[in-house]
Amino acid sequence: MKNKVYVVGMGPGEAGLMCQEADRLLQECDTIIGYTVYVNLLREVYPGKEFLTTPMTQEAKRCEMAFEEAMKGKKVIMVCSGDAGVYGMSGLMLEIGADYPEIEVKVIPGITAALSGGAVLGAPLTHDFAVVSLSDRLTPWEKIEKRLELAAKADFSICIYNPSSKGRPDYLKRACDILLRVLPPDRICGTVENIGREGEAANIYTLQELRDTQVNMFTTVFIGNSMTKEIGGRMVTPRGYRI
């Protein structure tokens with residue numbers, strides 16, 4: 001691991017849903033760096049490690065910290081929830097890594113919320129799908145709105161990340177209003193909260209019901225396509241087989 005920084009997707013936070021390579025590297029490393037909320041999920045699982053964190057909005061500082069620690073000869077891991085390449089840190093680490101040519105960046109995949117949450121609901125993403133984040137901290141809302149509308153028009157199943165936060169309590173409602181311009185109000189939808197962690201809960205709604213549903217930043221939202229159905233309390237999108 002010398003002269004390398006690993007960017008590791010830790011999955012949804014439950015040890016059994018982390019890939020074996022990620023677990024092996026976390027056991028072998030000296031220093032684990034990441035967003036405070038995610039690092040706190042690992043403290044008891046990997047005792048004896050050095051843990052360094054930064055709050056939200058300090059992603060660049062976090063990356064620089066990882067490279068500086070690696071320059072000291074430490075075995076360093078930058079952790080991300082889910083997959084490091086899906087709204088994770090791998091892209092920024094590779095960008096900033098250009099300033100540290102002596103340190104190699106290696107990306108280790110994890111299970112992103114679209115997949116782990118989809119498994120809890122049933123099979124909402126069996127066919128083509130789109131993933132859209134409602135966070136407008138880095139993406140203008142106008143672009144988010146366009147992506148939602150076009151994904152709905154293309155009849156994708158849609159997985160929505162970051163549907164709400166303290167500063168964005170009405171964003172899921174706004175997103176549903178955009179989708180309702182294109183989709184029928186009875187379109188099958190679902191939510192999963194606290195995927196793979198204590199308090200995990202899944203629910204199925206119509207799109208109209210979803211519009212008025214309260215969610216939080218630990219919720220992942222699923223919008224079905226025109227073929228999606230509810231079967232025995234599970235959300236199922238057919239792959240396309242003709243029976």
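The values are calculated or read from the model by the stated rules, or taken from the named source; none is laboratory data. Computed from a prediction, not measured in an experiment: that's the story for all the values here. Every residue, glycine as well, gets a Cβ built from its backbone with ideal geometry; the counts of neighbours run over all protein chains shown. Ligands, DNA and RNA are excluded from the accessible area calculation, which covers all protein heavy atoms including side chains. Shrake-Rupley method; radii C 1.70, N 1.55, O 1.52, S 1.80 Å.
Among the listed pairs Lys106/Lys146; Lys61/Lys106; Lys49/Lys72; Lys4/Lys61, those whose Cα-Cα separation exceeds 25 Å are Lys106/Lys146.
In Å³ and rounded to a whole number, note down the convex hull volume per residue for the Cα atoms of segment 74-182.
With only Cα atoms used, segment 74-182 gives 147 Å³ per residue.
Once Rg and the Kirkwood radius are both taken over the C-alpha atoms of segment 95-144, their ratio Rg/Rh works out to 1.14.
Expected output is a single nm value to one decimal: the length gained when fully extending between Arg174 and Lys61, i.e. 0.36 nm times separation in residues minus the C-alpha distance. What is it?
My answer for the length gained is 37.5 nm.
Phi angles of segment 104-114 translate, via the Karplus equation with coefficients 6.51, -1.76, 1.60 and θ = phi - 60°, into HN-Hα couplings of 8, 9, 10, 9, 10, x, x, 8, 6, 4, 4 Hz per residue; Gly and Pro are given as x. Using R0 = 25 Å, the C-beta based FRET efficiency linking Val182 and Gln214 works out to 0.60.
Taking the centroid of alpha carbons for each part, segment 18-71 and segment 168-243 are 32 Å apart. What segment 1-102 shows is 47 Å² of accessible area per residue, with the surface traced by a 1.4 Å probe over protein heavy atoms. Of the residues Thr219, Thr191, Thr139, the one that moves most in a GNM of the chain with alpha-carbon contacts below 10 Å is Thr139. As a length-normalised measure over Cα pairs under 8 Å and 6 or more apart, the relative contact order of segment 1-95 settles at 44 percent.
I need the calculated FRET efficiency for the pair Leu138 and Met227, taking r as the beta carbon distance and R₀ as 25 Å, to the nearest 0.05. Walk me through the intermediate numbers first.
Details: r = 33 Å, r/R0 = 1.31.
Step by step, r from the Cβ atoms, then E = 0.15.
At an R0 of 22 angstrom, the distance between the Cβ atoms of Glu68 and Ala98 translates into a FRET efficiency of 0.90.
Measuring nothing but how far apart in sequence close Cα pairs (under 8 Å, 6+ apart) lie, relative to its length, the chain scores a relative contact order of 20 percent. Compared with the direct C-alpha span, the chain from Arg24 to Lys106 gains 28.1 nm at full extension, assuming 0.36 nm per residue. When the Debye formula is applied to the Cα atoms of segment 34-105, each taken as the same point scatterer, what base-10 log of I(q)/I(0) results at q = 0.18, 0.19, 0.25 Å⁻¹? For segment 34-105, the Cα-only Debye profile gives -0.70, -0.78, -1.29. For segment 19-147, the alpha carbon positions stretch 45, 31, 24 Å along the principal axes, listed from largest to smallest. Extension gain for Ala15-Arg43 works out to 8.9 nm (0.36 nm per residue, less the C-alpha to C-alpha distance). Loop-located trypsin sites (Lys or Arg not before Pro) across segment 1-60 with a Cβ neighbour count of 14 or fewer within 10 Å are Lys2, Arg43, with loop assigned by DSSP. The Rg/Rh ratio of the chain, with Rg taken over Cα atoms and Rh as the Kirkwood radius over Cα pairs, comes to 1.01.
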